[in-house]
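**Student:** Handing you this structure, nothing more for now.
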Amino acid sequence: MKIASIATILFGSAAAFTATTPFHHKTSTVSNTFLKAVELTPEPEGGEELTKVSETSLPGSRMKNMGLVEEDNPDGDIYNFWLTAVAKGDEIKKLRIKTEKEASKKANFPGFRKGQIPPYAQPKMTMFAIQEAVIKTCEASLEAYGLQSLQGSQGEVKVNEDMQEVCKGYKLGNDIPFTATYKGKFDEAVQAASEEGHDTAAMEDVVVDVEAVAE
């Protein structure tokens, strides 16, 4: 599935940043091993729960269609979607190591030897790694639920939790649960293939049942 690029992703009260990877009321508390529990933004009422088109993608996630935003669009109807998912700790750790490695090649901070990252810059790299992991998770949600992203500012994704607060108590390697909202479209080709697959599976079940009765 080809995934378009988005321009930005918004993190709670944090400012928007430019995405560097492709992708264009219930209260839930997750204790994890943070210094303090992370309380997810309450789940919005209503909406239609979506079924995954790829069962192996994004385990533990949920997606809701919150309603039509723009009808009769030449490129397809546009909807609001709500997602709850987990940015995996091993992915964050891998991105954090990669970020530090790349940064050290250009690092030249006063009072520190060339290539050394000072302690005050470390949290910023952790934040960047978390942002990248969340982007990748949102990207994966498109494929998991058979959706397409939108171009330009319409393709913005808003993460509802304040990731700057999460970073304050974050231990590298831990998973980070989050919720997000974005506008998108259903990928008609993927949805059709998924429905065809379900129909085929249902027909096979019927054949098996008939054969069992015959025996």
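The values are calculated or read from the model by the stated rules, or taken from the named source; none is laboratory data. Since we're looking at a predicted model, the values are computed, not measured. Glycine gets a Cβ as well: all are built from the backbone with ideal geometry, and neighbour counts include every protein chain shown. For accessibility, only protein heavy atoms count, side chains too; no ligands or nucleic acids. Shrake-Rupley method; radii C 1.70, N 1.55, O 1.52, S 1.80 Å.
**Student:** Could you check the spin-label model distance between Glu43 and Lys171? Points 7 Å from the Cα along Cα→Cβ, value in nm.
**Tutor:** 2.8 nm
**Student:** Any idea of Leu150's accessible area? Nearest 10 Å², probe 1.4 Å.
**Tutor:** Using a 1.4 Å probe on the heavy atoms, I get roughly 10 Å².
**Student:** Count neighbours as other Cβ atoms within 10 Å of each site's Cβ, and list the trypsin sites (Lys or Arg not before Pro) in segment 83-160 that are DSSP loop with at most 15 such neighbours.
**Tutor:** Hits after loop and neighbour filter: Arg113, Lys114.
**Student:** Moving to a separate point now. What distance in nm lies between label points placed 7 Å from Cα along the C-beta direction at Gln122 and Phe109?
**Tutor:** My value for the distance between the label points is 1.0 nm.
**Student:** At 1.4 Å probe size, with no ligands or nucleic acids counted, give the accessible surface of Glu49 in Å², nearest ten.
**Tutor:** 90 Å²
**Student:** Amide H to amide H under 5 Å from Val53: which residues, 5+ apart in sequence or cross-chain, H placed 1.01 Å off N in plane?
**Tutor:** Excluding prolines and chain starts, which carry no amide H, the hits are Tyr145, Gly146.
**Student:** Under the 0.36 nm per residue contour assumption, what length would be gained going from the current alpha-carbon distance of Gln154 and Asp90 to full extension?
**Tutor:** The Gln154-Asp90 span can extend by a further 20.0 nm.
**Student:** Run the numbers on segment 89-130 and let me know its relative contact order in percent, using alpha-carbon pairs under 8 Å that are six or more apart.
**Tutor:** Relative contact order comes out at 43 percent.
**Student:** Moving on to the next point. List the chymotrypsin sites (Phe, Trp or Tyr not before Pro) in segment 66-98 that DSSP assigns to loop (not H, G, I, E or B) and whose Cβ has at most 11 other Cβ atoms within 10 Å. Which are they?
**Tutor:** Here no loop site has a sparse enough neighbourhood.
**Student:** Further question: Taking the Cβ of Glu132 as the centre, find all other residues whose Cβ is under 11 Å away and add up their charges (Lys, Arg: +1; Asp, Glu: -1).
**Tutor:** +2
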